[in-house]
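For reference, the structure is listed below as structure tokens.
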Amino acid sequence: MREINFNEIVSGVKHLITYTSSNLPKDAIDALEKAMNEEKSPVSKEILRQILENSQIASKEFRPLCQDTGLAVFFVKVGEDVKVKGGTLKNAINQATAEAYKESYLRASTCHPFTRANLQNSVGYNLPAIIHFDLVEGDKIEIEYAAKGGGSENVSRAIVLPPASGKDGVMKFVREVVSKGGSNPCPPLTVGIGIGGTFERATISSKHALFRDIGSVNPDPELAELENKILEDLNKLGIGAMGMGGTKTVLAVHIESNPCHIASLPVSVNVQCHSSRHGHITI
Amino acid sequence: MGQIYYLKTPLRDEDVKKLRAGDIVFLNGVVYTARDAAHKRLVDLISAGEKLPFDLNGAVVYFVGPTPPKPGEPIGSAGPTTSYRMDSYSPTLISHGLRGMIGKGERSREVIDSCMKYGAVYFGATGGAGALLGKKIKSSEIIAYPELGPEAIRRIEVEDFPVTVINDVLGDDLYQRGRAEYEIK
């Protein structure tokens with residue numbers, strides 16, 4: 001059994017959050033540069049130029065890329081041969097979130113669902129973090145993090161389709177979601193699609209699909225083909241950067257698929273804005 | 001792309017009327033920040049016939065909830081939030097003198113109609129460009145509702161703050177026009 005110190009986790013996660021808030025990952029920058037070069041609309045091209053200039057300012061001057069520094073979302077793979085010493089893993093991640101957000105001047109965005117009161121002085125600064133745990137073999141902890149903004153979350157949708165809908169039904173639903181979202185989710189987007197499993201499994205998969213590097217190829221050739229087909233279809237919508245009209249509405253489509261019940265075809269679409277702030281550490 | 005203008009706030013009627021969807025505007029002067037919670041309070045004050053925390057005549061409101069400032073800086077990152085959440089409040093403010101709104105995303109028919117009726121414009125700023133836009137804000141002061149945290153009303157001074165006209169006084173909509181131009185059916 002390998003022991004990992006509570007404080008080591010706190011310090012690693014804090015660094016991950018702070019770094020991610022002002023440094024857009026390389027996969028996102030490369031995808032935005034490619035989109036700017038290929039975009040046909042001069043207005044959208046200019047918006048993409050501003051987005052890339054913003055990422056340079058943020059990184060150089062250590063400023064948050066966006067004022068919506070998100071809810072802190074984590075996918076954590078815990079090796080079964082790991083023991084956390086001095087506290088629990090969940091507490092370490094929450095403590096790191098509160099400290100990183102507060103000390104790096106990131107926005108505390110968690111609030112009560114009905115009173116809308118900000119929870120920074122009651123529950124904690126931008127707490128609770130949204131944490132998805134998974135148990136795996138081994139003696140390491142792998143922590144993936146993303147700052148998930150509200151604008152793109154607001155247009156995300158899930159549905160359970162009849163099985164006969166098939167791939168065409170999936171494509172139609174995704175198209176409806178992105179079309180209806182229009183300019184609101186801050187395109188150009190990454191579209192995460194969770195297929196199969198149960199109602200909630202599809203949705204968690206659609207979230208996790210957004211953590212994959214933009215431009216990476218799906219290892220499942222059938223899904224890779226479907227991703228390309230949906231990407232091409234979505235870029236016909238004409239929404240463009242920030243909805244100004246253009247040919248680059250979506251940067252990438254990422255699909256995660258699961259076996260599902262013989263009666264159902266769950267589909268979830270989780271939308272990610274152009275400021276795709278994600279990263280991971282392994283301890 | 002449209003014309004490029006440098007405008008001072010508060011906006012004059014003649015400035016608002018000449019703007020067309022697609023024009024690029026660099027704003028200078030005082031702008032007020034407000035999101036959903038602050039809008040609700042402003043509209044409640046108007047319904048009760050009470051005084052607002054700032055003068056609405058010719059005013060420009062920016063839909064933003066900035067990050068906290070670092071020591072020695074006026075404000076943190078400050079890009080626009082999604083505007084539709086203000087749709088139910090904006091017509092009341094426009095009918096009481098508001099002349100400009102800065103946000104991102106489509107507005108409702110009612111907001112566009114109010115812009116036409118009273119002579120107001122809706123500007124889009126680049127969402128997710130919070131670091132760049134925050135640098136265009138030279139001072140910031142909370143003037144109402146500090147308990148709302150990032151949603152408090154701030155009086156900010158902007159310098160060459162870059163926006164694009166989305167909805168003008170003629171009812172044109174850059175989002176619809178832009179999308180129709182590039183949509184492949």
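Of all the listed residues (B:Leu45, B:Leu98, B:Leu52), the sole one being aliphatic (A, V, I, L, M), buried (at least 19 other Cβ atoms within 10 Å of the Cβ) and away from chain A (no Cβ under 14 Å) is B:Leu98. When you scan the range A:52-62, do you find a residue that is more than 20 Å from the chain's Cα centre (by Cα), open to solvent by 10 Å² or more (accessible area, probe 1.4 Å), over 19 Å from A:Ile214 (Cα atoms) and of a type in the set (Lys, Arg), even just one? Yes, the range A:52-62 contains at least one residue that is more than 20 Å from the chain's Cα centre (by Cα), open to solvent by 10 Å² or more (accessible area, probe 1.4 Å), over 19 Å from A:Ile214 (Cα atoms) and of a type in the set (Lys, Arg). Identify all residues within the range A:227-243 that are open to solvent by 10 Å² or more (accessible area, probe 1.4 Å) and of a type in the set (A, V, I, L, M, F, W, C); write none if there are none. The answer is A:Leu231, and nothing else. Summed over the range A:243-264, the residues that are within 18 Å of the chain's Cα centre (by Cα) and within 14 Å of another protein chain (Cβ to nearest Cβ) give a count of 3. The residue of the range B:55-71 that is nearest to A:Ser21 (Cα to Cα), among those that are within 9 Å of chain A (Cβ to nearest Cβ) and open to solvent by less than 10 Å² (accessible area, probe 1.4 Å), is B:Thr67. There is no residue in the range A:231-241 that is touching a strand residue (DSSP E or B) at 6+ places or on another chain (Cβ under 8 Å) and more than 24 Å from A:Val43 (Cα to Cα).
Filtering the range A:85-111 down to residues that are within 14 Å of chain B (Cβ to nearest Cβ) and of a type in the set (Lys, Arg), which residue is most open to solvent (accessible area, probe 1.4 Å)? Only one residue fits best here, namely A:Lys102. Number of residues in the range B:141-163 that are more than 14 Å from every other protein chain (Cβ to nearest Cβ) and either crowded, with 19+ Cβ neighbours inside 10 Å or in contact (Cβ under 8 Å) with a residue 60 or more places away in the chain (or both): the value is 7.
The single condition among (1) more than 14 Å from chain A (Cβ to nearest Cβ); (2) in a strand (DSSP E or B) that B:Ile166 does not meet is (1). The set of residues from the range B:110-140 being in contact (Cβ under 8 Å) with a residue 24 or more places away in the chain, within 14 Å of chain A (Cβ to nearest Cβ) and part of a loop (DSSP other than H, G, I, E, B) comprises B:Ala125, B:Thr126, B:Gly127, B:Gly128, B:Ala129, B:Lys136.
Test A:Ile159 against the stated conditions and say whether it is modelled with pLDDT of 95 or more, under 20 Å from the mean Cα position of the chain (by Cα) and either surrounded by fewer than 20 Cβ atoms within 10 Å (Cβ to Cβ) or not in a strand (DSSP E or B) (or both). Spelling it out, A:Ile159 is indeed modelled with pLDDT of 95 or more, under 20 Å from the mean Cα position of the chain (by Cα) and either surrounded by fewer than 20 Cβ atoms within 10 Å (Cβ to Cβ) or not in a strand (DSSP E or B) (or both).
For A:Ala164, are the conditions met, namely being open to solvent by 40 Å² or more (accessible area, probe 1.4 Å) and within 12 Å of another protein chain (Cβ to nearest Cβ)? Against the criterion (open to solvent by 40 Å² or more (accessible area, probe 1.4 Å) and within 12 Å of another protein chain (Cβ to nearest Cβ)), A:Ala164 does not qualify. Restricting attention to the range B:72-93 and to residues that are assigned to a helix (DSSP H, G or I) and in contact with a Lys or Arg (Cβ under 8 Å, 6 or more places away or on another chain), the residue that is farthest from the other protein chains (Cβ to nearest Cβ) turns out to be B:Ser90. Counting only residues that are within 9 Å of chain B (Cβ to nearest Cβ), part of a loop (DSSP other than H, G, I, E, B) and under 30 Å from B:Pro69 (Cβ atoms), the range A:35-84 holds 8 of them.
Among the residues examined, A:Asp213 does not qualify as outside the structural domain of A:Ser264 (by TED's automatic domain parsing) and assigned to a loop (DSSP other than H, G, I, E, B).
Right, B:Ser83: over 13 Å from the mean Cα position of the chain (by Cα), under 27 Å from A:Tyr101 (Cα atoms), surrounded by 18 or more Cβ atoms within 10 Å (Cβ to Cβ) and hydroxyl-bearing (Ser, Thr, Tyr) or not? For B:Ser83, the condition - over 13 Å from the mean Cα position of the chain (by Cα), under 27 Å from A:Tyr101 (Cα atoms), surrounded by 18 or more Cβ atoms within 10 Å (Cβ to Cβ) and hydroxyl-bearing (Ser, Thr, Tyr) - is not met.
Looking across the range B:1-40 at every residue that is touching a strand residue (DSSP E or B) at 6+ places or on another chain (Cβ under 8 Å), over 28 Å from B:Glu181 (Cα atoms) and open to solvent by 30 Å² or more (accessible area, probe 1.4 Å), the one that is farthest from the other protein chains (Cβ to nearest Cβ) is identified as B:Pro10.
The values are calculated or read from the model by the stated rules, or taken from the named source; none is laboratory data. The model shown is predicted, which means the values in this text are computed figures rather than measured ones. Glycine gets a Cβ as well: all are built from the backbone with ideal geometry, and neighbour counts include every protein chain shown. To get the accessible areas, we keep the full protein, side chains included, count just its heavy atoms, and leave off ligands, DNA and RNA. Shrake-Rupley method; radii C 1.70, N 1.55, O 1.52, S 1.80 Å.
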